[in-house]
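**Student:** Structure in structure tokens, see below.
The values are calculated or read from the model by the stated rules, or taken from the named source; none is laboratory data. Since the model is a prediction, treat every value here as computed from it, not as a measurement. Glycine also receives a Cβ, built like all others from the backbone with ideal geometry; neighbour counts cover every protein chain displayed. Note: areas computed on protein heavy atoms with side chains; ligands, DNA, RNA excluded. Shrake-Rupley method; radii C 1.70, N 1.55, O 1.52, S 1.80 Å.
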Amino acid sequence: MNRQIHDVVRERYAESARQVLVNETAACCGEAGIGPELYSALERAELPDAAVMASLGCGNPLAVAELHEGERVLDLGSGGGIDVLLSAKRVGPTGRAIGLDMTDEMLALAQRNAAEAGATNVEFLKGQIEAIPLPAASVDVVISNCVVNLAADKPSVFREIARVLRSGGRVGITDIVADDSLTPDERAKGGSYVGCIAGALSFSEFQNGLQEAGLTDVSVTSTHLVTDGMHSAIVKATKPSSDVEARDPGGALAARGVAPLDALGMAAVGGCCGGDGCC
């Protein structure tokens, strides 16, 4: 079943990327998608048109994450790279923005957009968000734009987020979330997996999942109603600072046998390195 979900999602977003790559037209966002409308005109003006057209999200995680100069940011399901490129501008040349996606076509589109934007502090990795191809304690912030609800194994996603975050690191994502009163069957009636509704967790399920993974200060806040009982929501969480981890992946992490991020050539795709869009 998990593989079937992955295949359906991958094909849907591969087609969206091909539509932008070949036809230079906006990709369809699905039932719940809002895409570029949730980014300011100034943010859209900073990016290649193709990155904006390929935006398939339900929110603007950059408005949630409060990024700072020098931070390392991971975008789960980075698609055409809109959030990675915006993150790269905010963390500056001493920081790094990393996109993770399982779709070759989206990775190709993201690479093209990064090259057009002249971004040098970005990389894109191929992989699934249930098994992030990065070392433990290697990023300061995890963002995502309407992708967690597409995951086949959400507990694994939450565990992986906690694993790759450094001590004191934080989560700032947007996603589709269901009222606690809705059953999974009732959520499924609202849309398909690729519409980002059928796979949505409830408010309490999302909060409990992050807490069970060891994250704290968890909040799941509705921003607007998408359809009956379904919300676009902001999700925040923190990795406790008591889990002391080295901030320098070339220092203490290396001493423990963990390779620096830049040494993970097996995970990187292409020159800019390499992205899973969502609704």
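**Student:** Quick one: what pairs do we get from region 152-168, first residue under 11 Å from GLU130 (Cβ atoms), second among the small types (Gly, Ala, Ser) and open to solvent by less than 30 Å² (accessible area, probe 1.4 Å), C-beta under 7 Å, 6+ apart or different chains?
**Tutor:** Between residues of region 152-168 that are under 11 Å from GLU130 (Cβ atoms) and residues that are among the small types (Gly, Ala, Ser) and open to solvent by less than 30 Å² (accessible area, probe 1.4 Å), the close pairs are LYS154/GLY209; PRO155/GLY209; VAL157/ALA151; PHE158/GLY209; PHE158/ALA213; ARG159/ALA213; ILE161/ALA213.
**Student:** Let me ask something else. Here is a list of conditions, (1) modelled with pLDDT of 80 or more; (2) part of a helix (DSSP H, G or I); (3) within 30 Å of GLU123 (Cα to Cα), and SER204 meets all of them except one; can you say which number that is?
**Tutor:** (3)
**Student:** Would you say LYS236 is among the charged types (D, E, K, R), at pLDDT 80 or above and open to solvent by 20 Å² or more (accessible area, probe 1.4 Å)? So that I can check it myself, show each step before the final result.
**Tutor:** Details: among the charged types (D, E, K, R): yes; at pLDDT 80 or above: yes; open to solvent by 20 Å² or more (accessible area, probe 1.4 Å): yes.
Taking the combined requirement at face value, the residue satisfies it.
**Student:** Go over the candidates ARG170, ARG159 one by one and state the one that is of a type in the set (Lys, Arg), open to solvent by 30 Å² or more (accessible area, probe 1.4 Å) and either outside any helix (DSSP H, G or I) or in contact with a strand residue (DSSP E or B) (Cβ under 6 Å, 6 or more places away or on another chain) (or both). Spell out how you get there, then give the answer.
**Tutor:** On the way: ARG159 fails: either outside any helix (DSSP H, G or I) or in contact with a strand residue (DSSP E or B) (Cβ under 6 Å, 6 or more places away or on another chain) (or both).
Sole residue among the options that is of a type in the set (Lys, Arg), open to solvent by 30 Å² or more (accessible area, probe 1.4 Å) and either outside any helix (DSSP H, G or I) or in contact with a strand residue (DSSP E or B) (Cβ under 6 Å, 6 or more places away or on another chain) (or both): ARG170.
**Student:** So, ALA152, is that one modelled with pLDDT under 95 and over 24 Å from ASP104 (Cα atoms) or not?
**Tutor:** Numbers: modelled with pLDDT under 95: yes; over 24 Å from ASP104 (Cα atoms): no.
Against the criterion (modelled with pLDDT under 95 and over 24 Å from ASP104 (Cα atoms)), ALA152 does not qualify.
**Student:** Quickly run through region 133-149 and pick out the residues that are hydrophobic (A, V, I, L, M, F, W, C), assigned to a loop (DSSP other than H, G, I, E, B) and under 24 Å from PRO93 (Cα atoms). Break it down stepwise before answering.
**Tutor:** To start, the set of residues in region 133-149 that are hydrophobic (A, V, I, L, M, F, W, C) comprises 134, 136-137, 139, 141-143, 146-148.
Add one more test, that the residue is assigned to a loop (DSSP other than H, G, I, E, B), and what stays is 134, 136-137, 146-147.
If the condition is that a residue be hydrophobic (A, V, I, L, M, F, W, C), assigned to a loop (DSSP other than H, G, I, E, B) and under 24 Å from PRO93 (Cα atoms), then LEU134, ALA136, ALA137 are the ones that fit.
**Student:** Now, a different point. Would you confirm, using the coordinates I've provided, whether GLY199 is within 30 Å of ALA115 (Cα to Cα), modelled with pLDDT of 50 or more and within 23 Å of the chain's Cα centre (by Cα)?
**Tutor:** Numbers: within 30 Å of ALA115 (Cα to Cα): no; modelled with pLDDT of 50 or more: yes; within 23 Å of the chain's Cα centre (by Cα): yes.
Here the answer is no, as GLY199 does not meet what is asked.
**Student:** Of everything in region 97-129, what is of a type in the set (D, E, K, R), outside any helix (DSSP H, G or I) and surrounded by fewer than 22 Cβ atoms within 10 Å (Cβ to Cβ)? Give them in sequence order.
**Tutor:** Initially, region 97-129 is screened for residues of a type in the set (D, E, K, R), giving 101, 104-105, 112, 116, 123, 126.
Still in the list and also outside any helix (DSSP H, G or I): 101, 123, 126.
Correct list: LYS126 only.
**Student:** OK, next. For region 74-96, give me the residue count where each residue is in a loop (DSSP other than H, G, I, E, B) and surrounded by fewer than 24 Cβ atoms within 10 Å (Cβ to Cβ).
**Tutor:** Number of matching residues: 4.
**Student:** Looking only at region 141-156, count every residue that is surrounded by fewer than 24 Cβ atoms within 10 Å (Cβ to Cβ) and under 20 Å from VAL64 (Cβ atoms) and tell me the total. Lay out the reasoning, then the answer.
**Tutor:** If we filter region 141-156 for residues that are surrounded by fewer than 24 Cβ atoms within 10 Å (Cβ to Cβ), which is where we start, we get 152-156.
Filter again for under 20 Å from VAL64 (Cβ atoms), leaving 154.
Residues that pass the stated criteria total 1.
**Student:** Residues of region 210-229 being at pLDDT 85 or above, outside any strand (DSSP E or B) and over 17 Å from the mean Cα position of the chain (by Cα), which ones? Spell out the reasoning first.
**Tutor:** Restricting attention to region 210-229, the residues satisfying the condition of being at pLDDT 85 or above are 210-225, 229.
The next check asks that each one be outside any strand (DSSP E or B); those that pass are 210-215, 229.
Once the filter is applied, which keeps residues that are at pLDDT 85 or above, outside any strand (DSSP E or B) and over 17 Å from the mean Cα position of the chain (by Cα), region 210-229 yields GLN211, GLU212, ALA213, GLY214, LEU215, GLY229.
**Student:** Looking at (1) among the aliphatic types (A, V, I, L, M); (2) touching a strand residue (DSSP E or B) at 6+ places or on another chain (Cβ under 8 Å); (3) not in a helix (DSSP H, G or I), which one does ALA152 not meet, given that it meets all the others?
**Tutor:** The number of the failed condition is (2).
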